[in-house]
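The values are calculated or read from the model by the stated rules, or taken from the named source; none is laboratory data. This one's a predicted model, so the numbers in the text were calculated from it and none came from an experiment. Because the Cβ atoms are built from the backbone with ideal geometry, glycine has one as well, and the counts that use them run over all protein chains shown.
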Amino acid sequence: MSSFDSSLSRRILRMRILVTGLAVVVAFLLGSALVALAGINPLTALRYLFSGALGTRHGIGETLTRFIPLFLATLSFAIAMKVHFYNVGIEGQIALGSLGALLVGVYVTGLPAPIHILLCLTASVVFGILWLSVAGFLRFRFGANELLTTVMLNYIAIYLIDILVETVLKDPNSLINQSQKIAATAKLPRIMEGTTVHLGLVFAAIVGFIVYYYVWRTPGGFELRAVGANSKAAKYAGINPAKLIIIGMIISGGLAGLGGGLNLLGYQSRWVSGTFLGYGFDGIGAAVMGQYHPLGMAFSALLFAIIRVGGGAMQRSVGVPYPLVHALQGIVIIAVIISAYFIEKRTEKMTKGGQ
Amino acid sequence: MKKKIISLLLVAMFLVSLVGCAGAEEPAEEPAVEENVEEPAVEPIKVGVIFTGSIGDGAWNESGYNALVKAKEDLGIEFSFQESVPVAESGEVMRNFAYEGYDLIIAHDFNYNDIVSEVAPEFPDVLFTVSYGYQSTEDNIAAITSSGWHASYMAGVLAAAVSETEIVGVLSATDSFMGKRMRTGFVNGAKSVNPDIEVLEAFTGSWDDVVKGKELVNGMIQQGIDVILSNSGNVNFGVIETAKEAGIMAIGAPSDLSSVAPDTVIASAVTPSGIYVDYGIRQLAEDNFDGGVYVLGIKEGAEDLIWNPAFEAEFSAEVIDTVNAAKLQLSNGEIEEPVVE
């Protein structure tokens with residue numbers, strides 16, 4: 001019986017990977033059609049997309065640098081989804097996480113590097129959690145739908161940090177609206193010569209593994225998934241859903257904040273007014289595409305990073321307008337969401353067929 | 001099964017359309033190859049440009065892009081660009097251009113200046129210009145900027161020359177050094193024509209707060225202005241609307257706004273950004289590129305006053321002459337720079 005089960009689940013997994021892969025292929029074909037409509041040979045454009053992102057040492061470095069916050073955003077969204085909390089406010093939590101790292105990185109000085117970095121990242125995590133807990137509070141106290149509150153909190157977060165950078169946090173020696181740079185002791189070291197890849201990549205990999213282990217290999221993670229799968233049944237089994245939702249929220253907000261912190265300490269070093277990172281929004285699409293599994297999301301986050309970096313190369317080399325790059329990303333997301341529907345139907349059928 | 005067939009058909013259709021488009025693309029590429037065969041000896045200058053927004057914005061970026069197209073025609077340069085590059089990511093884009101073998105990298109916004117200062121030392125063989133930039137920390141950086149007051153000075157001259165109430169107004173978006181310098185230029189221009197003229201000054205504190213702009217200008221109108229210069233981004237449209245309702249004259253800035261309200265906008269104090277792009281390319285083409293800060297003005301075409309043709313025809317020769325005389329003085333460097341507190 002158990003060998004039959006595992007063969008079924010393997011078949012389901014294979015089907016899911018296949019359908020998602022097909023969706024991505026269809027999305028790229030559609031995107032190519034758009035590129036062709038703009039009068040550009042899509043094959044040339046695609047070649048530059050991948051060679052720009054993966055063809056040179058610098059390109060690979062850039063792609064991996066973008067991958068770090070994207071991957072953490074996917075983890076953040078997936079954990080919240082496990083408890084059916086729709087955290088679409090990751091963008092804002094990333095901004096707040098960046099702010100936490102910035103404040104500690106600039107204004108706390110005289111610490112040895114590892115401690116300073118850890119302190120900055122702690123601030124990022126706490127800021128991310130606090131920002132998400134605003135939406136959590138509104139949901140538990142007033143029943144406000146978190147889809148709405150978190151999306152609104154994104155804008156408040158982004159404008160908040162801009163206002164701070166334009167006023168109290170403004171670098172007095174700069175003509176433009178930007179914060180000071182973080183202290184040298186707060187900078188995450190680069191780990192690949194001649195590129196921007198930083199130690200955050202290692203942090204992201206470790207965090208990805210921990211999340212996987214916690215959700216799929218511990219009793220706590222089982223409870224988390226149980227609440228998400230069927231909160232009534234979970235309650236009957238003696239699990240307190242509200243407690244689990246709160247735990248899911250805390251992890252989700254913390255991961256998003258951490259993503260912002262790693263990006264700031266490893267890459268940006270300061271905040272320039274008007275910065276819109278977009279990792280939070282892209283991360284949602286990548287999480288859906290990765291089917292909420294850390295390994296799947298590692299792939300999808302990488303693909304989204306490739307599109308970001310390669311999109312620039314596409315424009316520089318053959319003049320693909322930047323909006324088309326965004327459109328391509330949008331098409332990938334839509335195709336993957338549609339494929340998720342097919343996957344669900346198909347899984348249902350396959351499971352029934354097995355009975 | 002039916003669904004499968006349909007989806008296969010769809011995919012096939014896309015493939016066919018792709019091949020079709022790709023096929024159509026090829027003849028277009030051929031002439032380019034022929035051109036290269038004609039002039040194999042000359043290696044064209046490769047210019048990479050970074051824009052903050054879209055090249056179709058009808059303002060700053062579009063003007064820069066048009067200058068590139070023109071430089072390609074006139075000087076035979078090759079260029080490529082990347083749009084909508086946030087300051088935080090601009091360093092990587094510059095490095096990409098440098099690795100891809102570009103000779104000149106134009107960062108088309110003063111916000112990129114600090115990043116250029118960071119990246120330029122890594123690539124001593126690549127030249128960098130910053131449009132409207134403020135500092136040059138290396139030999140391979142040219143920060144190209146404008147006086148910031150020539151155009152508004154001319155607007156002031158025009159406003160004073162056509163005002164009947166002898167009260168005119170000027171509105172900026174910010175009260176920064178640049179905003180003040182622009183307004184002071186206007187005041188000096190107006191006083192040069194009519195020392196007794198009263199100039200009302202205000203700023204919105206925002207490039208987008210149209211309502212506040214309208215209120216401020218309405219206040220000025222109640223105090224009797226009959227000409228307003230507005231250089232405050234999107235607020236301009238609210239100001240021009242208010243001027244139209246009150247029947248007073250308006251001067252637009254920093255691009256030509258005559259078409260917004262042809263019966264109200266008498267002229268525009270323009271600061272076309274293309275000149276910054278053009279200047280750096282020309283310096284390189286003439287093998288004359290030096291690092292430093294370059295301040296351009298009316299003489300170099302970085303600033304100008306552009307008439308609304310309908311009003312140019314309507315105004316007396318005296319008005320036109322006064323404005324032209326001021327333009328000549330400015331380009332000869334006979335007018336002192338406004339003092340900003």
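Against the condition aromatic (Phe, Trp, Tyr), touching a residue at least 60 places away in the same chain (Cβ under 8 Å) and within 23 Å of A:Met249 (Cβ to Cβ), how does A:Phe142 come out, does it pass? Taking the combined requirement at face value, the residue does not satisfy it.
Of the set (1) surrounded by 22 or more Cβ atoms within 10 Å (Cβ to Cβ); (2) at pLDDT below 95; (3) not aliphatic (A, V, I, L, M), all apply to B:Ser54 but (1). Exactly one residue out of A:Asn145, A:Asn154 is polar (S, T, N, Q), surrounded by fewer than 24 Cβ atoms within 10 Å (Cβ to Cβ) and either touching a strand residue (DSSP E or B) at 6+ places or on another chain (Cβ under 9 Å) or closer than 26 Å to A:Lys181 by Cβ (or both): that is A:Asn154. Tally time: how many residues in segment B:110-139 are away from chain A (no Cβ under 14 Å), surrounded by fewer than 21 Cβ atoms within 10 Å (Cβ to Cβ) and either in contact with a Gly (Cβ under 8 Å, 6 or more places away or on another chain) or in a helix (DSSP H, G or I) (or both)? Looking only at that region, the number is 3. Take the residues of segment A:297-352 that are of a type in the set (S, T, N, Q) and in contact (Cβ under 8 Å) with a residue 60 or more places away in the chain: which is surrounded by the fewest Cβ atoms within 10 Å (Cβ to Cβ)? Among those residues, the one meeting the criterion is A:Thr351. Scanning segment A:29-65 for residues that are part of a helix (DSSP H, G or I) and small (Gly, Ala, Ser) turns up A:Gly31, A:Ser32, A:Ala33, A:Ala36, A:Ala45, A:Ser51, A:Gly52, A:Ala53, A:Gly59, A:Gly61. Annotation note: of A:Ala80, A:Ala95, the sole residue that is more than 14 Å from chain B (Cβ to nearest Cβ), touching a residue at least 24 places away in the same chain (Cβ under 8 Å) and closer than 30 Å to A:Gly257 by Cβ is A:Ala80.
Of all residues in segment B:80-99, those that are more than 10 Å from every other protein chain (Cβ to nearest Cβ) and surrounded by fewer than 21 Cβ atoms within 10 Å (Cβ to Cβ) total 0. Taken together, B:Gly205, B:Gly238, B:Gly213, B:Gly219 contain a single residue that is more than 20 Å from the chain's Cα centre (by Cα) and in a loop (DSSP other than H, G, I, E, B), which is B:Gly205. Every condition in (1) within 13 Å of chain B (Cβ to nearest Cβ); (2) assigned to a helix (DSSP H, G or I); (3) surrounded by fewer than 18 Cβ atoms within 10 Å (Cβ to Cβ) is met by A:Ile17 except one, and the failing one is (1). Of the listed requirements (1) surrounded by fewer than 18 Cβ atoms within 10 Å (Cβ to Cβ); (2) over 16 Å from B:Val340 (Cα atoms); (3) in contact with a strand residue (DSSP E or B) (Cβ under 8 Å, 6 or more places away or on another chain), B:Thr204 misses just one: (1).
Matching residues to (1) at pLDDT 95 or above; (2) touching a helix residue (DSSP H, G or I) at 6+ places or on another chain (Cβ under 9 Å); (3) of a type in the set (D, E, K, R):
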site: A:Lys170; (1), (2), (3): no, yes, yes
site: A:Gln178; (1), (2), (3): no, yes, no
site: A:Thr185; (1), (2), (3): yes, yes, no
site: A:Gly194; (1), (2), (3): no, yes, no
site: A:Phe203; (1), (2), (3): yes, yes, no
site: A:Ile210; (1), (2), (3): yes, no, no
site: A:Tyr214; (1), (2), (3): no, yes, no
site: A:Phe222; (1), (2), (3): no, yes, no
site: A:Arg225; (1), (2), (3): no, yes, yes
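The residue of segment B:149-190 that is farthest from B:Ala269 (Cα to Cα), among those that are part of a loop (DSSP other than H, G, I, E, B) and within 13 Å of chain A (Cβ to nearest Cβ), is B:Ser176.
Going through (1) more than 13 Å from every other protein chain (Cβ to nearest Cβ); (2) within 17 Å of A:Tyr322 (Cβ to Cβ); (3) of a type in the set (Lys, Arg) one by one, A:Arg66 falls short only on (1).
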